[in-house]
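Step one of this worksheet: look at the structure below.
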Amino acid sequence: MADKLLVPLHVSYIQNLGKSTDELAYHLTAHLRMNGIYWGLTALCIMGHQDALDRDQMVTFVMSCWDDEAGAFGAHPDHDAHILSTLSAVQILIMQDALDRADIDRIVKYILSLQQPSGVFAGDSFGETDTRFLYCAVNALSLLGRLSELDVDRTVSYIRQCRNFDGGFGATAGAESHSAQVFVCVAALAILDRLDEVDHATLCWWLSERQLPSGGLNGRPEKLEDVCYSFWVLSALSILNKMTWIDADKLVAFILSSQDPELGGIADRPGDMADVFHTQFGVAGLSLLGYPGLVDLDPVYCMPASIIEARGLRKGWKALPRRSN
């Protein structure tokens, strides 16, 4: 079991992901391709290896996913536009300093068209709604400098409807609290400067209760620990300045124990198969925990903090101090 972050192995693992085009799994995950590129690029940025993937190839692929009929991005060439893949595309283009390639006016129009009368957002023209899509809209509009066009009161009103007695938030109004939904709601409120809608003490208590004896965090009571919640829980705690409410050393150990010491990548828990999703959110969690040698991550936008600061968008979050090697 590795006791340190295996950066060279993880960089190699991410570099090799796009080379497996002859494998069935590659084609079965086409609907996640844009997200996968965002996860891989963000992980590389946080590990200090942004240039490990070819910038021009990446930007060319992103632009090949443009859905001209909708005016937004799909997950893969010839896929319909979706708000999640559109946010990932915007994030990738910003990290690669290529946002000038995108038609921002059309993207903004597409995003705003997805807001429902209740204030929630649909993911696409088919109408599925979720607080995740609301966060995607708020995040993307903020990154594009067009947040002023959002109906903030209607948006906040829906988030308020999703708040539960335990301080947490659900996927829709009336749904149970879940760590990932807590992140999207708290981060959206942070971007909108409306953290007054959060019951800070009750929510942070609920989040701190997500840590299990293994050191890992779960998404809701009575569930298994999972590396991805290292980000979902820590992001909200850092936004609310309560990072010290979990045992950082035990969580670091859990994330490191979930690495593949032979092929690279991080799994959901020790002994399972690594994937780029858990690799990204494991590295993101380690950055917020102050793990040595990593680049600062902005927990609100889940992007390198320097990029968010350069756009004048940094909110008042606090990560743990960066440790020395």
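Taken as a whole, the structure places residue 276 among residues that are open to solvent by 10 Å² or more (accessible area, probe 1.4 Å) and under 15 Å from residue 44 (Cβ atoms). When segment 143-177 is filtered for residues that are buried (at least 20 other Cβ atoms within 10 Å of the Cβ), among the small types (Gly, Ala, Ser) and in contact with a Phe, Trp or Tyr (Cβ under 8 Å, 6 or more places away or on another chain), the ones remaining, listed by number, are 168, 177. The C-beta contact set for segment 219-242 (first residue of a type in the set (D, E, K, R), second residue modelled with pLDDT under 95, distance under 6 angstrom, 6+ apart or interchain) is empty. Entry remark, segment 31-62: residues being farther than 26 Å from residue 9 by Cβ, open to solvent by 40 Å² or more (accessible area, probe 1.4 Å) and at pLDDT 95 or above number 1 in total. Taking the criterion of being open to solvent by 10 Å² or more (accessible area, probe 1.4 Å), in contact with a strand residue (DSSP E or B) (Cβ under 9 Å, 6 or more places away or on another chain), of a type in the set (D, E, K, R) and within 20 Å of residue 73 (Cβ to Cβ), would at least one residue in segment 88-108 satisfy it? Checked segment 88-108: at least one residue is open to solvent by 10 Å² or more (accessible area, probe 1.4 Å), in contact with a strand residue (DSSP E or B) (Cβ under 9 Å, 6 or more places away or on another chain), of a type in the set (D, E, K, R) and within 20 Å of residue 73 (Cβ to Cβ). Quick one: is residue 299 modelled with pLDDT of 95 or more, over 21 Å from residue 210 (Cα atoms) and not hydroxyl-bearing (Ser, Thr, Tyr)? So residue 299 fails the test.
Given 254, 231, which one is among the aromatic types (Phe, Trp, Tyr), open to solvent by less than 20 Å² (accessible area, probe 1.4 Å) and under 19 Å from the mean Cα position of the chain (by Cα)? 231 is the lone residue from the list that is among the aromatic types (Phe, Trp, Tyr), open to solvent by less than 20 Å² (accessible area, probe 1.4 Å) and under 19 Å from the mean Cα position of the chain (by Cα). Looking only at segment 206-221, decide whether some residue is open to solvent by 50 Å² or more (accessible area, probe 1.4 Å) and either closer than 20 Å to residue 298 by Cβ or of a type in the set (A, V, I, L, M, F, W, C) (or both). So far as segment 206-221 goes, no, none of its residues is open to solvent by 50 Å² or more (accessible area, probe 1.4 Å) and either closer than 20 Å to residue 298 by Cβ or of a type in the set (A, V, I, L, M, F, W, C) (or both). The single condition among (1) touching a His at 6+ places or on another chain (Cβ under 9 Å); (2) within 17 Å of residue 119 (Cα to Cα) that residue 191 does not satisfy is (1). The residues of segment 279-314 that are surrounded by fewer than 17 Cβ atoms within 10 Å (Cβ to Cβ) and of a type in the set (D, E, K, R), listed by number, are 296, 309, 311, 314.
Within segment 115-129, being open to solvent by 10 Å² or more (accessible area, probe 1.4 Å) and either free of Cβ contacts under 8 Å to residues at least 40 places away in the same chain or assigned to a loop (DSSP other than H, G, I, E, B) (or both) holds for 116, 117, 118, 124, 125, 126, 127, 128.
Residue count for segment 65-94 satisfying the condition of being part of a helix (DSSP H, G or I) and either aliphatic (A, V, I, L, M) or over 13 Å from residue 113 (Cβ atoms) (or both): 11.
Of 188, 180, all but one fail to be within 30 Å of residue 221 (Cα to Cα), open to solvent by less than 10 Å² (accessible area, probe 1.4 Å) and at pLDDT 95 or above; the exception is 188. Restricted to segment 296-325, and to residues there that are out of contact with any helix residue (DSSP H, G or I) (no Cβ under 7 Å at 6 or more places or on another chain) and assigned to a helix (DSSP H, G or I), the residue that is farthest from residue 240 (Cα to Cα) is 310.
The values are calculated or read from the model by the stated rules, or taken from the named source; none is laboratory data. Predicted, not measured: the structure shown is a model, and the values here were computed from it. Cβ atoms come from the backbone with ideal geometry, glycine included; neighbour counts cover every protein chain shown. Remember, those area values only see protein heavy atoms, side chains included, never the ligands or the DNA or RNA. Shrake-Rupley method; radii C 1.70, N 1.55, O 1.52, S 1.80 Å.
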